[in-house]
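A quick write-up on the structure given underneath.
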């Protein structure tokens, strides 16, 4: 049947660009040599994985990944819900649309542009934020090179980029809450605050749980692109995460086999977390991503 | 429902309107500051006195960016990449999603699983890099067009949409002797315009913004797309070219030029976004209700 023929281009791309790289992960079990190629390189068994477990630097990287991810989840996960609740209370449609346009826009900017904006505004000398601090008699802060500030900058910039956009999904969920419940609550004497608490919030609770579980499944991705652009050697101790470590080890120091081993660790643990997350979401709410 | 305004209403209204306005202002300040810098004089920039309004208004930084050869070249590369990579990807997606939407054809379920598996597991950065190297695609635009064309997430979205189209429409065409390819292009695709518009826009934004692959695979500065050029001038202070004609851009500062480059490269998104917002929002809704 010619239906199968329509699959051919997609299948070729799938095999070459998704499955061939999966075959390529065998270099994690070899001492890969560019000249010898994948097949010609020497097998070393689990050497690279043993190195990973014993390496102090990987320990730091793993810890950073979890800490940055958890900061992002704890601080940023509730904000879109609050935004959606507040937006729901706004009845002036034009103003609401205007605000929505502004707060969702940053999602569509690249991390490069964001880096440009924040390197500019956070600059130690002449940066807008430090100028304002100075105006109030406070000392300038080197946001991007001070290990104490760096994780805060990561959390803030990802919040700046994503919270408005993430609120959309909750706004949609709120629109689906049964209107009769509000009327019933109103007749029972519930004011707007009580309605928010006892009708709106329970109405979107399953959406909240699904998104939280999925977010927890992605805990190993702490923001590779963001960090690669914003960090520098002075903040490696607090900002280096698995994704950036793979990049530096593999393509910076040409330790292809070791970096691939780190990548496999990342994919396998990440895969298990996503599967568990999806399973948990199905159990709790009956909803899942597939 | 109309009722008298209670004290509670005033409180909630104030929190909602003031709170959201503060959010919006926070979202705008980094932009306004960069816009202000790109129109300010060099003395105002160097003394660090530019807030959210330009000081010593002039167009020199903008002029510098627009006449810069490197900027022009990377802007052209980005336009080309965005158009070609997006059209190619959407073509592959709408084509591949069609047979996958036909649950009754033999062997389609396992094939679907082979696609879905790659959403959750991949070879990772290094094997991908070595593949591109072995293909001899370093320093070409191919790795920025071909490997990501097969977007499995989009395929699943489009496939679900196809499934919602009544089978009877296709059946009658089939009885008239139309081939599957004809049915896809004459009936199914025209009926799927909303979802195709959505993935087209998401893919286009992704391509316009993409820099990581370009950083991995492209060294030749004549092939640098805009985000990579932008990254270089932001991260490596030395890489901004001094203007050749100092008189034309008397107010040149590296900082002003950087600010202007950021603004000009974001402009396409800023201009288009308000008008196409609704497609993005439909997209996220469709993505969230399935399953």
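All of the numbers you see were taken from the coordinates with simple rules; none came from a lab. Everything quoted here is computed from the prediction, not taken from an experiment. FYI the Cβ positions are ideal-geometry reconstructions off the backbone, even for glycines, and counts take in every protein chain you see.
Look at where the Cα atoms of region B:72-117 and of region B:150-207 average out, and the two centres are 12 Å apart. Sort region B:9-152 into rounded, prolate or oblate with this rule: let a ≥ b ≥ c be the square roots of the eigenvalues of the Cα gyration tensor; rounded if a/c is under 1.5, and if a/c is not under 1.5, prolate when a/b is larger than b/c, oblate otherwise. Taking the square roots of the gyration eigenvalues as a ≥ b ≥ c, region B:9-152 is oblate. When the helices of chain A are scored as -39500 (n - 2.57) per DSSP H run of n ≥ 4 and the total is divided over every residue, the value at 222 nm lands at -20500 deg cm²/dmol. The mean number of Cβ atoms from other chains found within 10 Å of a Cβ in peptide B:215-226 is 1, as a whole number.
Given only helices, namely DSSP H runs of n ≥ 4 each adding -39500 (n - 2.57), what is the per-residue ellipticity at 222 nm of chain B, to the nearest 500 deg cm²/dmol? Write out the running numbers ahead of the final one.
On the way: 14 runs with 198 residues, N = 291.
It lands at -22000 deg cm²/dmol.
Residue order for A:31, A:240, B:176, fewest other beta carbons within 10 angstrom first, comes to B:176, A:31, A:240. Take each peptide in A:193-201, A:210-218, count the other Cβ atoms within 10 Å of every residue, and average; sorted highest first, the result is A:210-218, A:193-201. Let a ≥ b ≥ c be the square roots of the eigenvalues of the Cα gyration tensor of chain A; is it rounded (a/c under 1.5), or, if not, prolate (a/b larger than b/c) or oblate? It comes out oblate by the Cα gyration axes.
For peptide A:183-194, the mean count of partner chain Cβ atoms within 10 Å of a residue's Cβ comes to 2. Across chain A, Cα pairs under 8 Å and at least six residues apart give a relative contact order of 25 percent.
Each semi-axis of the equivalent ellipsoid for region A:1-143 is √(5λ) with λ an eigenvalue of the Cα gyration tensor; in descending order they amount to 45, 30, 17 Å. Counting, for every residue in B:227-233, the Cβ atoms of other protein chains within 10 Å of its Cβ and taking the mean gives 3.
Please order B:137, B:10, B:208 by the number of other Cβ within 10 Å, starting at the fewest.
On the way: B:137 17, B:10 10, B:208 24.
The order, fewest Cβ neighbours first, is B:10, B:137, B:208.
The separation of region A:48-75 from region A:142-205, counted between C-alpha centres, amounts to 30 Å.
In terms of the Cα gyration tensor, with a ≥ b ≥ c the square roots of its eigenvalues, is the protein assembly as shown rounded because a/c is under 1.5, prolate because a/b exceeds b/c, or oblate? Numbers along the way, then the final one.
Details: a/c = 1.41, a/b = 1.04, b/c = 1.35.
The shape class here is rounded.
Using the average count of surrounding beta-carbon atoms within 10 Å as a protection proxy, the listed peptides B:56-68, B:16-28 rank, highest first, as B:56-68, B:16-28.
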